[in-house]
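Here the structure comes first, spelled out in structure tokens, and everything after it is commentary.
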Amino acid sequence: MKIGFFGDSYLDLFLQHDNISRDDKPWSRRLVEDLDLDCVSSGLGGTSQYYAIHTWKKFIEKKETLDFAFFSFTWHDRLYSSYELNQAIFSSIAEKRDVAKVIEKIDRWDGVPKNYPSGVKLAAELYYNYLYSEDLSMFNYQLQLEYILNLPKKYPETNFIFIPNTEYSRQLATSLFSNGCLINFAFETLSNIEVGSPGVMPIDCNRVGHINKSNHELLKEEFHHIITNYETYKDSIYNFDYNKFDICK
């Protein structure tokens, strides 16, 4: 079975880390390993919604098919770049990580122009301070969600599972949904109410995928169930019960 994850940190398999314990693996990687799935794509922390779309489009250019495709619906105001150096900085800004440390690492990469990383950081700050439009960002975001939610009609051979990150994207996706399987749930809500949560997302929280170890295992079980019984949940909204998870009560 071939599977792909298209999104941000909540769908990041951390494939760059080879020798890590199960406790340090996100739910998505546990799912892939437990079911021995052929995984073709991973999410990337701090990326925008268009990053997921771009990754999907690059995959379908190969004329291959997927059995299952997971999409997360991230924060609407994030910046996108196809250039790896820019994206590393945009991602750290989005996740409120220490951008100076990221720039310090990039400065040591071969072939990076002098002062380039700090210039990208300044450009992002100026954009948000002087050019950013909330209305435009939300309008474009809705169009991107519509594009993704229409994929099941265009690619009926693939089973799609859509997972909102935010309460805003959950409400928006619910109003636009028709095909595939939409999870009536928001990752940020679980991150905010789970046991040991250090604060309200998005923050640099030092949790793998912004979720604690117990909840990664519980999420893996939920999605294992959905994959196994997909025909039951196809073209429907699947309600997650937060009380099943390790949350503050």
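The values are calculated or read from the model by the stated rules, or taken from the named source; none is laboratory data. Computed from a predicted model, the values in this text were never measured in an experiment. Here the Cβ positions follow ideal geometry from the backbone for every residue, glycine too, while neighbour counts run over all protein chains shown.
For residues in the range 75-121 being polar (S, T, N, Q) and more than 17 Å from the chain's Cα centre (by Cα), which is farthest from residue 172 (Cα to Cα)?
First, pick out the residues of the range 75-121 that are polar (S, T, N, Q): 81-82, 86-87, 91-92, 115, 118.
Next, only the ones that are more than 17 Å from the chain's Cα centre (by Cα) stay: 86, 115, 118.
On the way: 86: 29, 115: 40, 118: 35 Å.
Once the filter is applied, the top-ranked residue is 115.
Within the range 196-249, which residues are farther than 16 Å from residue 185 by Cα, in a helix (DSSP H, G or I) and hydroxyl-bearing (Ser, Thr, Tyr)? Of everything in the range 196-249, those that are farther than 16 Å from residue 185 by Cα, in a helix (DSSP H, G or I) and hydroxyl-bearing (Ser, Thr, Tyr) turn out to be 214, 228, 230, 232. Each residue in the range 115-129 was checked for being over 20 Å from residue 48 (Cα atoms) and among the hydroxyl-bearing types (Ser, Thr, Tyr), and 2 of them qualify. Filtering the range 17-26 to residues that are assigned to a helix (DSSP H, G or I) and closer than 17 Å to residue 206 by Cβ leaves 23, 24.
Within the range 79-112, restricting attention to residues that are touching a residue at least 40 places away in the same chain (Cβ under 8 Å) and assigned to a loop (DSSP other than H, G, I, E, B), which residue is surrounded by the fewest Cβ atoms within 10 Å (Cβ to Cβ)? Show your work before the answer.
From the range 79-112, those touching a residue at least 40 places away in the same chain (Cβ under 8 Å) are 79, 87, 90-98; that's our starting set.
Now narrow it down to the ones that are assigned to a loop (DSSP other than H, G, I, E, B): 79, 95-98.
Working: 79: 22, 95: 20, 96: 14, 97: 17, 98: 10.
Ranking the qualifying residues of the range 79-112, first place goes to 98.
For the range 157-188, the set of residues classified as surrounded by fewer than 21 Cβ atoms within 10 Å (Cβ to Cβ) and of a type in the set (Asp, Glu) consists of 157, 167, listed by residue number. All conditions in (1) touching a His at 6+ places or on another chain (Cβ under 9 Å); (2) aromatic (Phe, Trp, Tyr); (3) free of Cβ contacts under 8 Å to residues at least 24 places away in the same chain hold for residue 139, with the sole exception of (1). Only one entry of 41, 48 meets the criterion of being touching a strand residue (DSSP E or B) at 6+ places or on another chain (Cβ under 9 Å) and small (Gly, Ala, Ser), and that entry is 41.
Residue by residue, here is whether (1) of a type outside the set (Gly, Ala, Ser); (2) closer than 21 Å to residue 145 by Cα; (3) assigned by TED's automatic domain parsing to the domain that holds residue 12; (4) surrounded by fewer than 17 Cβ atoms within 10 Å (Cβ to Cβ) holds:
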| site | (1), (2), (3), (4) |
| --- | --- |
| 191 | no, no, yes, no |
| 198 | yes, no, yes, yes |
| 202 | yes, yes, yes, no |
| 211 | yes, no, yes, no |
| 215 | yes, no, yes, no |
| 219 | yes, no, yes, no |
| 222 | yes, no, yes, no |
| 230 | yes, no, yes, yes |
| 237 | yes, yes, yes, yes |
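How many residues, within the range 41-78, are touching a residue at least 12 places away in the same chain (Cβ under 8 Å), in a helix (DSSP H, G or I) and not hydroxyl-bearing (Ser, Thr, Tyr)?
Taking the range 41-78 first, the residues touching a residue at least 12 places away in the same chain (Cβ under 8 Å) are 41-56, 59-60, 64-78.
Then drop every residue that is not in a helix (DSSP H, G or I), which leaves 49-56, 59-60.
With not hydroxyl-bearing (Ser, Thr, Tyr) added as a condition, the list becomes 49, 52-54, 56, 59-60.
Of the residues in that region, 7 qualify.
Residues in the range 178-195 that are in a loop (DSSP other than H, G, I, E, B) and either within 19 Å of the chain's Cα centre (by Cα) or free of Cβ contacts under 8 Å to residues at least 40 places away in the same chain (or both): 180, 185, 186.
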